[in-house]
1. State, to one decimal in nm, how far the label point of D18 lies from the label point of W50, with both points 7 Å from Cα in the Cβ direction.
2. Of the heavy-atom accessible surface of the chain (probe 1.4 angstrom), what whole percent is carbon and sulfur?
3. Using only the Cα atoms, what convex hull volume per residue in Å³ does the chain have?
4. Working from the alpha-carbon coordinates of the stretch 24-71, get Rg over Rh, Rh being the Kirkwood radius.
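The values are calculated or read from the model by the stated rules, or taken from the named source; none is laboratory data. This is a predicted model, so every value here is computed, not measured. Positions of Cβ are backbone-derived with ideal geometry, glycine not excepted, and every protein chain shown enters the neighbour counts. All accessible areas refer to the heavy atoms of the entire protein, side chains included, with ligands and DNA or RNA removed. Shrake-Rupley method; radii C 1.70, N 1.55, O 1.52, S 1.80 Å.
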Amino acid sequence: MVATPTKSDVRFYPTRNDLSADVREQVVALLNQSLAATLDLKTQTKQAHWNVKGKDFYQLHELFDEMAGEIEEYVDMVAE
């Protein structure tokens, strides 16, 4: 299990952003959760892409690959 950083562990770079440190901590936590969830979705979609079987293999293989590519764009957006 990964330990969640405590307030004393969190350090921010100086910024012109006018959000308070408490609000920035909350935003960072929400963005990290969103990034983890989005990356997990992309990974599961890619897993489905590689493991699809059956009569509709080709169509589903292509669909999951396209979906993973689309989700990857969101992963990048959240990460940045």
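1. It is 4.8 nm.
2. Working: 3930 of 6940 Å².
Carbon with sulfur: 57 percent of the solvent-accessible area.
3. Values: hull volume 8.1 nm³, N = 80.
Convex hull volume per residue, Cα atoms: 101 Å³.
4. Numbers: Rg = 14.4 Å, Rh = 11.8 Å.
Here Rg/Rh amounts to 1.22.
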